[in-house]
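Note sheet for the following structure.
Bear in mind that the values in this text are calculations on the coordinates, not laboratory data. Remember, predicted model here, so these are calculated numbers, not experimental data. Virtual Cβ from ideal backbone geometry, glycine too; neighbours counted across all protein chains shown.
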Amino acid sequence: ARATRVAAVDIGATSGRVMAVTIGADGIFMEELHRFPNGLCDVSGHLVWDYTRLTDGVVEGLRAAAESGPVDGIGIDTWAVDYGLLDEDGNLLGSPVCYRDERTTSAVERFPLSSERLYSVTGIQHQRFNTVYQLAADKAGLAPVSDRLERAARLLLIPDLLAYDLTGVAVTEATNASTTGMFDATTRTWSPEVLAAAGVEESLFGRLVEPGTVIGPVTDRVAAHTGLAVGTPVIAVGSHDTASAVAATPGLTRGGAFISSGTWSLVGIELSAPVLTQAGRAANFTNELGVDDTVRYLRNVMGLWLLTECLRSWAAAGNHLDLQELLDDAARQPVGVAVIAADDEAFLAPGDMPARIAAAVQATGGVVPQTPSQFARCIIDSLAHAYARTIEQASRLTATPIDSVHIVGGGSRNALLCQATADATGLLVHAGPGEATVLGNAIVQARTLGALSGSLDDLRAIVAASFPPTAYTPAAAPTDKGQPARKAV
Ligand code: LRH
């Protein structure tokens, strides 16, 4: 029998891509078919996503997939929490607003349920961008289409919205639904209590599906437009990108911590049931739902956003820097002289990142970075420091001893960051694959299609066989202050 070949659509904050993933007897192969930019646009004073650019990119990628071989299935994952609202005729009511928009800052305080109660039901960390607060902002008319929630017949999270455009079928995929802050972490269904507090009806959402469910075939119109075979199925995957990334993290077992490292760094451990303690809430740990009934107990750390925003500021000032050269220079800078809290909400919004970082270093009494390579060093050290602290907290809050760290995503290719993480945690780091999200998307599809079988552990072993991770050993034990250790000379 021929190998199974699926299209994985994976869209992040800065770019989207469509990859062909072939799964056969001799392993897993990936081919990038189309990559397109994503980013924020300002519309009527709000930060929004250019949704047409995303659908155009997806269609273009699927056309390339159909042209270059058979396509047995299509899976879609994107960042979490954001959504589109559709009217009764299925028309999108304005571009989806980006979670980084400031519109939610006031909504958070006005929400009728206490954060204690919200947490004990949903297990979701308090982030001002959670869907539940974005809906409150919509209620207050804070969007380019100010009455869009009143007029809405449907709310679809971004991956579900794209799937709807391909199939005409409206679903809500459970892993991403968990990030809304309105989903019951224990029952994996909407919480009637939270929906009532948010003032939305359950009928606003599509049919709830778990990863692995066939959403429906592409419409004949999409098939004709892309060259895909009539009836090609769109399959629900862990449509929250982090759910897909962690599903394909090689060797992740109890005792291992994961870091899904991209625009954000999502740092935590995998559990089989949510931990809904008030101590966890106070430490702002979240219980996001994963593939196969897993739970990701994690914290959001700002991630490489700090670095990409610095690069953007410098470029705007005429200084266009090459990322790899910058990291090479950063590696020659002294370690740990400027460390900021890389999980501070102060870094959420875009714009003028070097100044905000300098101010934060100043406030800690550290050596304020002057050159781009000093800023890069500061960011790397701060990320590693935040990773170490977060892993230590996750371990303590769940009474789980941690013996290793698994870094996947773009950041796993950043050797400086991987080594700094090993040094700061004092743990062995396994880095890679860089494309874990795409692989997690593909293996869930492949299991639905019957090309793979078994548990998440089995699937992870198959990923590891084709994409063996790189090991980083800690250079020295971390100091008792938890500061990144200095390398011995
Ligand atoms: C990463 C991510 C993360 C969410 C954020 C909104 O892309 O999905 O898991 O917290 O975006």
Practice problem: State all residues of segment 14-34 that are hydroxyl-bearing (Ser, Thr, Tyr) and buried (at least 21 other Cβ atoms within 10 Å of the Cβ); if no residue qualifies, say none. | Solution: Thr22
Exercise. Starting from segment 67-82, keep only residues that are in contact (Cβ under 8 Å) with a residue 40 or more places away in the chain, then list their pairs with residues that are assigned to a loop (DSSP other than H, G, I, E, B) and away from the ligand (no atom under 16 Å from the Cβ) whose Cβ atoms are within a distance under 6 Å, requiring at least 6 positions of separation or different chains.
Key: Val71/Leu228; Val71/Thr232; Asp72/Leu449; Gly73/Leu449
Quiz item: Of these, Pro211, Pro233, which one is over 28 Å from Asn300 (Cα atoms) and under 25 Å from the mean Cα position of the chain (by Cα)?
Solution: Pro233
Quiz item: Does Glu270 fit the bill of being within 15 Å of the ligand (Cβ to nearest atom), surrounded by fewer than 24 Cβ atoms within 10 Å (Cβ to Cβ) and not in a loop (DSSP other than H, G, I, E, B)?
Solution: yes
Practice problem: Can you give me the number of residues within segment 83-105 that are touching a residue at least 24 places away in the same chain (Cβ under 8 Å) and in contact with a Lys or Arg (Cβ under 8 Å, 6 or more places away or on another chain)? | Solution: 8
Quiz item: Residues in segment 11-36 that are assigned to a loop (DSSP other than H, G, I, E, B) and over 20 Å from Leu54 (Cβ atoms): how many?
Solution: 2
Exercise. Have a look at Asn300, Asn284 and point out the one that is of a type in the set (S, T, N, Q) and either surrounded by fewer than 19 Cβ atoms within 10 Å (Cβ to Cβ) or touching a helix residue (DSSP H, G or I) at 6+ places or on another chain (Cβ under 9 Å) (or both).
Key: Asn284
Practice problem: Hey, could you check segment 242-267 for residues that are polar (S, T, N, Q) and more than 13 Å from the ligand (Cβ to nearest atom) and say which is farthest from Ala442 (Cα to Cα)? | Solution: Thr253
Quiz item: Is it true that Leu54 is crowded, with 19+ Cβ neighbours inside 10 Å and among the hydrophobic types (A, V, I, L, M, F, W, C)?
Solution: yes
Quiz item: Can you tell me which residue in segment 92-143 is surrounded by the fewest Cβ atoms within 10 Å (Cβ to Cβ), limited to those that are of a type in the set (A, V, I, L, M, F, W, C), more than 16 Å from the ligand (Cβ to nearest atom) and in a loop (DSSP other than H, G, I, E, B)?
Solution: Ala140
Quiz item: Among the residues of segment 209-227 satisfying the criterion of being surrounded by fewer than 24 Cβ atoms within 10 Å (Cβ to Cβ), of a type outside the set (Asp, Glu) and in a loop (DSSP other than H, G, I, E, B), which is farthest from the ligand (Cβ to nearest atom)?
Solution: Gly227
